[in-house]
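Written out below as structure tokens is the structure these notes cover.
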Amino acid sequence: MQVSQEVQQVVDRTRSLVREVVLPVDDAHDGDVEAAGGEGLRARLQSAAREAGVFAPHAPVDCGGLGLGMVDRAPVFEEAGYSLFGPLALNIAAPDEGNIHMLDHIASDAQRERYLQPLARGEVRSAFAMTEPAPGAGADPSMLATRATKVDGGWVVNGLKRFITGADGAGFFITMARTSGEPGGAGGATMFLMPAETEGLTVTRHVGMADTSMLGGHCEVLYEDAFVADEDVLGGVDEGFRYAQVRLGPARMTHVMRWTGAVRRAHEVAVAYVADREAFGSRLADQGLMQQMIADNEIDLAATRALLMEACRVLDDGGRGNKETSIAKTFAAEALHRVADRSQQMCGGLGVSTELPVAKIAREVRPFRIYDGPSEVHRWSIAKRAVRAITAEHGA
């Protein structure tokens, strides 16, 4: 992929930062961000990223970022993702990265000053609170059950959220709540900006998950008559699902960027291993079955990048990219899982040990087939669009 000289310089500086500063910490703690220092680690790594001139490459320039578009973000985010802690260092980790993008496009001037600017500068973290326990919102957002009731000067929110990434320690929450209609309806959702200290908003517990690299964990959040003022409605009342689309497509693609970097590392470690390891009279890398796994990894990585860039170009051109981002996300989540799995197999016993970084990368990338929409839901959506398009074309 051809990039401008300016973007290539950001890529090069990111690569140096990640290899020299971030990776040693990541490997020393097997990708466990809390064991590595949690918030203290975030402060140290982000300070190093500022010094390297690569901090917040996606954030708007007026908030201290580099203002890169989606296509230009891709190689930078991939280099950051080479370490599980690299996105944290650059302030491009989920959910903050997606929240920065959405706030930049939707927030009022007052909301930009109160919420976006501190988030972009790394002074606070954030959370995006939509997912709920069954029968509430999950893969089907229309099942949203958390409800906001209008009162004088604002809204009162009641409900329970689950799997809210980064909730523990977040400075504020972007909360999706139902302001009209009933669960299962197509609309009626509104997004609210809620400081963490809001009375009635409580992070109740961490949900134990397979991945350990996400600062703040994946938590349950309880809302008990939590008041939010009218000026902290994000976007329009009853239009939360529409406004959330500003976030969802780009956030899917930045997930692909970051995980491509991580999985590329697993692949490179595996190739180096089989190129050096001898068995059955030759190098493993010279044996046909091993060469097939290497080639299949290269193919999956190349195809992932190609679909990613197609979707990013659509987004940069102002399109919604619903079809393109669903296709790219679904393929990438499964292809990157295959690459990580083959890399483990290529490394044998070391591939499932903590001696190499391959096992932790496979562990971290597996949830991507569920996060930001399970593959099955994206396939359902892709198929529906295809049927609609053909039906419309043939006048049926």
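The values are calculated or read from the model by the stated rules, or taken from the named source; none is laboratory data. This structure is a prediction, so every number in the text was calculated from the model and none was measured. Don't worry about glycine lacking a Cβ; one is built from the backbone with ideal geometry, like all the others, and counts go over all protein chains shown. All accessible areas refer to the heavy atoms of the entire protein, side chains included, with ligands and DNA or RNA removed. Shrake-Rupley method; radii C 1.70, N 1.55, O 1.52, S 1.80 Å.
The stretch between Val207 and Glu113 holds 30.6 nm of extra length on full extension. This uses 0.36 nm per residue minus the Cα-Cα distance. If you sort Thr354, Thr325 by accessible surface, 1.4 Å probe, largest first, the order is Thr354, Thr325. Over all pairs of different C-alpha atoms, segment 58-137 has a mean inverse distance whose reciprocal, the Kirkwood radius, equals 13.5 Å.
Each of Phe55, Ser282, Phe173 was scored by the projection of its Cα onto the charge dipole of the chain, and the greatest displacement toward the positive side belongs to Ser282; charges sit on the C-beta of Lys, Arg, Asp and Glu.
Each residue was assigned an accessible area with a 1.4 Å probe, and for Asp30 the value is about 50 Å².
Using only helices, what value at 222 nm comes out for the chain when you add -39,500 (n - 2.57) per DSSP H run of length 4 or more and divide by the total residues, to the nearest 500 deg cm²/dmol?
-15500 deg cm²/dmol
Atom-type composition of the exposed protein surface of the chain places 53 percent of the accessible area on carbon and sulfur (1.4 angstrom probe). Note on the chain: Rg/Rh from C-alpha atoms, Kirkwood Rh, equals 0.98. Normalised by the number of residues in the chain, the average gap of Cα pairs under 8 Å and 6 or more apart makes the relative contact order 15 percent.
The residue list Asn297, Thr212, Tyr371 was ranked by how far each Cα lies along the charge dipole of the chain toward its positive end, using unit charges on Cβ atoms, and Asn297 comes out on top. Computed extension gain for Glu393 through Glu231, at 0.36 nm per residue and net of the alpha carbon distance, reaches 53.9 nm.
Across all directions, the average flat footprint of the convex hull enclosing the Cα atoms of segment 224-351 is 11.6 nm².
Can you run the Rg to Rh ratio on segment 281-356? Use alpha carbon positions and the Kirkwood inverse-distance Rh.
1.16
Once the chain from Glu278 to Ile370 is taken as fully extended at 0.36 nm per residue, the excess over their C-alpha distance is 29.3 nm. A 1.4 Å probe over all protein chains sorts Arg125, Arg19 by accessible area into Arg19, Arg125, starting with the largest.
Taking every protein chain into account, the accessible area of the chain amounts to 42 square angstrom per residue (probe 1.4 Å). Only Lys, Arg, Asp and Glu carry charge here, each on its Cβ (+1 for the first two, -1 for the last two); on that basis segment 121-229 has a dipole of about 180 debye about its Cα centre.
Below 24 Å Cα-Cα, how many Lys pairs turn up in the chain? Only count pairs eight or more apart in sequence, or on different chains, if you could. Going through the chain pair by pair, I get 4. With the charge dipole of the chain set up from +1 on Lys and Arg Cβ and -1 on Asp and Glu Cβ about the Cα centre, the Cα lying farthest toward the positive end among the listed residues Val11, Ile327, Gly138 is that of Ile327.
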